[in-house]
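What follows is a set of notes on a single structure, which appears directly below.
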Amino acid sequence: MILLLGASGYIGGAFARELQRRQWAFRPLSRKEVDYSRFEVLLEFLKKTRPEFLVNVAGYTGKPNVDACEVARADTLAGNALLPQTIAHACAICAIPWGHVSSGCVFSGAKVTLNGQTRAEKDLTRPDLRSLVEQSPDAIHGFTETDPQNFTFRDPPCSFYSGTKALGEEAIAGVGQSYIWRLRIPFDEFDNTRNYLSKVQRYEKVYDNVNSISHRGDFARACLDLWECHAPFGTYNVTNPGFVTTRRVVDLVEKILQPARRFEFWQNDTEFYRRAAKTLRSNCVLDVSKLLATGVKIRPVVEAIEDSLRNWQPE
Ligand SMILES: NC(=O)c1ccc[n+]([C@@H]2O[C@H](COP(=O)([O-])OP(=O)(O)OC[C@H]3O[C@@H](n4cnc5c(N)ncnc54)[C@H](OP(=O)(O)O)[C@@H]3O)[C@@H](O)[C@H]2O)c1
């Protein structure tokens, strides 16, 4: 049996559907039923039920967006740093392998090759880098799992949310046997306030940046594939290969859904942060070579977006 923590959430729902599709025995668990955030309670539950694998999709994301984490700091820290630490130690005692949904938001920017030199650049909205993205996309490389995180409390500035996601990864490292699966900006064909493709269509004005993003179903499938194929434990970036600008996403929405509205963009970061956001956003490109090297398959990002829009199911 696989134990699924956080099954009631947006990403948890995708794991539950994928586990059902595979006909793998699993048990969704909510804090309402068993407060798995308490170490002794979780440990007792694990000893009693002996799952063969545990999936942690629980965490605190902030609603409607990450700005909410700035004012709910105790909940954010509890959900994203203390909870994974609790799970890691309970699973280690019971020798239960597990997987933790983390986030690529511990990074900002990309690695950029210019004049033969490659270095991390945190802000891809800088005009020279933004035109490089358009004109020489091969010069833009994603962060790998061994690159140092650069949007964390240890390498500020960062959002409170990102800081706690990085602490969560740190708390797990070296304890027992676990996967850290990094998700980024989930989307799929189901219109939902949490779906990136829905958000883009509902924003008053759109914020243009450069990102690797994850199709929700593809993400859950790839994470479970890693476990199924006995891939080595450790951290994996799990996004659809490649990256997109928000302008490209809007172009695809216009082409495929042909909405009545016209899209406008915030002029620049200054206007966006003055009018529409309270805390810094992580925008980043991730490298998924490590995932692909295990043999796990995942569609390129533009293919996954086009497919979602062609099969769009309005709320
Ligand atoms: N959605 C995104 O944009 C995104 C992007 C990157 C990474 N992630 C990560 O993916 C995971 C799941 O995100 P989600 O979008 O599915 O979140 P969600 O819809 O808010 O669901 C999270 C679930 O976690 C459980 N939970 C446990 N401790 C919690 C706490 N202290 N505060 C709030 N909820 C808690 C709740 O389930 P019960 O109370 O029923 O147990 C809740 O339903 C999180 O770790 C998040 O950081 C999400």
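The values are calculated or read from the model by the stated rules, or taken from the named source; none is laboratory data. Everything numeric here is computed off the predicted structure, so don't read it as measured data. As a convention, Cβ positions derive from the backbone with ideal geometry for all residues, glycine included, and neighbour counts pool all protein chains shown.
Let's see how each residue does on (1) within 12 Å of the ligand (Cβ to nearest atom); (2) modelled with pLDDT of 95 or more; (3) farther than 23 Å from Tyr60 by Cβ:
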{"position": "Arg182", "(1), (2), (3)": "yes, yes, no"}
{"position": "Asp188", "(1), (2), (3)": "yes, yes, no"}
{"position": "Asn195", "(1), (2), (3)": "yes, yes, no"}
{"position": "Asp208", "(1), (2), (3)": "no, no, yes"}
{"position": "Asn211", "(1), (2), (3)": "yes, yes, no"}
{"position": "Asp218", "(1), (2), (3)": "no, yes, yes"}
{"position": "Cys223", "(1), (2), (3)": "yes, yes, no"}
{"position": "Leu226", "(1), (2), (3)": "no, yes, yes"}
Please pick out the residue among Asp218, Asp208 that is of a type in the set (Asp, Glu), within 27 Å of Gln135 (Cβ to Cβ) and surrounded by 15 or more Cβ atoms within 10 Å (Cβ to Cβ). Asp208
Matching option when the condition is closer than 24 Å to Glu315 by Cα, out of contact with any Ser or Thr (no Cβ under 8 Å at 6 or more places or on another chain) and in contact (Cβ under 8 Å) with a residue 24 or more places away in the chain, among Asp191, Asp218: Asp218
Of everything in the range 33-70 that's polar (S, T, N, Q) and within 12 Å of the ligand (Cβ to nearest atom), which residue is modelled with the lowest pLDDT? Asn65
Inside the range 53-78, can you point out the residues that are in contact with a strand residue (DSSP E or B) (Cβ under 7 Å, 6 or more places away or on another chain) and not in a loop (DSSP other than H, G, I, E, B)? Phe53, Leu54, Val55, Asn56
Would you confirm whether any residue within the range 29-46 is part of a strand (DSSP E or B), hydrophobic (A, V, I, L, M, F, W, C) and over 30 Å from Gly242 (Cα atoms)? yes
Taking the criterion of being touching a residue at least 24 places away in the same chain (Cβ under 8 Å), surrounded by fewer than 18 Cβ atoms within 10 Å (Cβ to Cβ) and closer than 24 Å to Glu52 by Cα, would at least one residue in the range 104-118 satisfy it? no
